[in-house]
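A quick write-up on the structure given underneath.
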Amino acid sequence: SQQGEEDPQALSIQEGENATMNCSYKTSINNLQWYRQNSGRGLVHLILIRSNEREKHSGRLRVTLDTSKKSSSLLITASRAADTASYFCATDASNNNDMRFGAGTRLTVKP
Amino acid sequence: ETGVTQSPTHLIKTRGQQVTLRCSSQSGHNTVSWYQQALGQGPQFIFQYYREEENGRGNFPPRFSGLQFPNYSSELNVNALELDDSALYLCASSLGVGAGGLYEQYFGPGTRLTVT
């Protein structure tokens, strides 16, 4: 079963705009990770945020985590056409060794 | 590009047949996880192997089985294939579990399985 739920399911923006994707989950977690997937290919790890962290940055990416609301957001600033991909959040539940993915947000960045 | 490789890239099988998919881990990684990704969905956890032992399993029937070898490469075996087994199968290697939970996973490009 899936743990995370991304919102929105699809997002279309113009190059240069910012893109925000949200993720909600159900159980307590050790950490939350964001991954990117280009069409039909393997996933690429973007950023990991631990349960005791609230915000993390990596280049144009900014991730926040609110454990009280069981939610996270991924912000991509100054988007580029090459950012077009599906983005998934994945949670590492406190009582499991598995990683649970949501259904993803499909981001399209128009040149 | 990660150092994780998978073979074959594509595979077509008939319902009822058996299939073996292979994964070579990134150097230094002792943990391999397998996922099934149906079209338009997120990856679903099948199982994880740590130092040749199964170390967690998702909600998949016993006809999904695996192996991890001493060099940490891995196989996913699926018996009695069903049409719904058609999906992208992803393996991911990692350093396993640390004090802060699971380490980041490095995914292979996947094997696209079609069952007819």
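Just one of (1) touching a Gly at 6+ places or on another chain (Cβ under 7 Å); (2) free of Cβ contacts under 8 Å to residues at least 12 places away in the same chain trips up A:Y25, so point out which.
(2)
For the stretch A:66-85, does any single residue satisfy the condition of being farther than 25 Å from B:W34 by Cβ and within 14 Å of chain B (Cβ to nearest Cβ)?
Scanning the stretch A:66-85 turns up at least one residue that is farther than 25 Å from B:W34 by Cβ and within 14 Å of chain B (Cβ to nearest Cβ).
Going by the structure shown, is B:G3 surrounded by fewer than 19 Cβ atoms within 10 Å (Cβ to Cβ), free of Cβ contacts under 8 Å to residues at least 12 places away in the same chain and not polar (S, T, N, Q)? Even if it seems obvious, please write down each step before you answer.
Values: surrounded by fewer than 19 Cβ atoms within 10 Å (Cβ to Cβ): yes; free of Cβ contacts under 8 Å to residues at least 12 places away in the same chain: no; not polar (S, T, N, Q): yes.
Against the criterion (surrounded by fewer than 19 Cβ atoms within 10 Å (Cβ to Cβ), free of Cβ contacts under 8 Å to residues at least 12 places away in the same chain and not polar (S, T, N, Q)), B:G3 does not qualify.
Of the conditions (1) surrounded by fewer than 18 Cβ atoms within 10 Å (Cβ to Cβ); (2) out of contact with any Asp or Glu (no Cβ under 9 Å at 6 or more places or on another chain); (3) away from every other protein chain (no Cβ under 13 Å), A:R54 fails just one. Which one is it?
Status for A:R54: all satisfied but (2).
What residue, among those in the stretch B:6-52 that are crowded, with 16+ Cβ neighbours inside 10 Å and in contact with a Lys or Arg (Cβ under 6 Å, 6 or more places away or on another chain), is farthest from the other protein chains (Cβ to nearest Cβ)?
B:V19
Give me the pairs, please: first residue somewhere in the stretch B:80-98 and more than 14 Å from every other protein chain (Cβ to nearest Cβ) and under 16 Å from B:S65 (Cα atoms), second residue anywhere and of a type in the set (A, V, I, L, M, F, W, C) and buried (at least 24 other Cβ atoms within 10 Å of the Cβ), beta-carbon distance under 7 Å, and either six or more positions apart or on two chains.
B:D85/B:V78
Just wondering, is there one or more residues in the stretch A:98-105 that are more than 9 Å from chain B (Cβ to nearest Cβ), within 30 Å of B:G96 (Cα to Cα) and of a type outside the set (D, E, K, R)? Reasoning before the result, please.
First, the residues of the stretch A:98-105 that are more than 9 Å from chain B (Cβ to nearest Cβ): A:105.
In the following step, the residues that additionally are within 30 Å of B:G96 (Cα to Cα) were identified as A:105.
If we keep only those that are of a type outside the set (D, E, K, R) too, we end up with A:105.
The answer is yes; a qualifying residue exists.
Does any residue of the stretch A:45-62 turn out to be out of contact with any Phe, Trp or Tyr (no Cβ under 9 Å at 6 or more places or on another chain), of a type in the set (A, V, I, L, M) and under 23 Å from B:Q41 (Cα atoms)?
So in the stretch A:45-62, the residues out of contact with any Phe, Trp or Tyr (no Cβ under 9 Å at 6 or more places or on another chain) come out as A:50-60, A:62.
Going one step further and asking which of them are of a type in the set (A, V, I, L, M), we end up with none.
Taking every residue of the stretch A:45-62 in turn, none turns out to be out of contact with any Phe, Trp or Tyr (no Cβ under 9 Å at 6 or more places or on another chain), of a type in the set (A, V, I, L, M) and under 23 Å from B:Q41 (Cα atoms).
Any residue in the stretch A:16-31 that is within 30 Å of B:T114 (Cα to Cα) and either more than 10 Å from every other protein chain (Cβ to nearest Cβ) or surrounded by fewer than 19 Cβ atoms within 10 Å (Cβ to Cβ) (or both)? Please lay out each step first, then the result.
At the first step, the residues of the stretch A:16-31 found to be within 30 Å of B:T114 (Cα to Cα) are none.
No, the conditions are met nowhere in the stretch A:16-31.
Given (1) exposed (fewer than 15 other Cβ atoms within 10 Å of the Cβ); (2) without any contact (Cβ under 8 Å) to a residue 60 or more places away in the chain; (3) touching a Gly at 6+ places or on another chain (Cβ under 8 Å), where does B:P61 come up short, assuming only one miss?
Just one mismatch for B:P61, condition (3).
Tally up the residues in the stretch B:67-80 that are surrounded by 21 or more Cβ atoms within 10 Å (Cβ to Cβ) and in a strand (DSSP E or B), please.
So the count comes out to 4.
Here's the yes/no breakdown for (1) surrounded by 15 or more Cβ atoms within 10 Å (Cβ to Cβ); (2) of a type in the set (A, V, I, L, M, F, W, C):
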residue	(1), (2)
A:A10	no, yes
A:I13	yes, yes
A:Y35	yes, no
A:N38	no, no
A:L61	yes, yes
A:S68	no, no
A:A81	no, yes
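Values in this text are rule-based calculations from the coordinates and carry no lab data. Model, not experiment: these values are computed from the prediction. Glycine also receives a Cβ, built like all others from the backbone with ideal geometry; neighbour counts cover every protein chain displayed.
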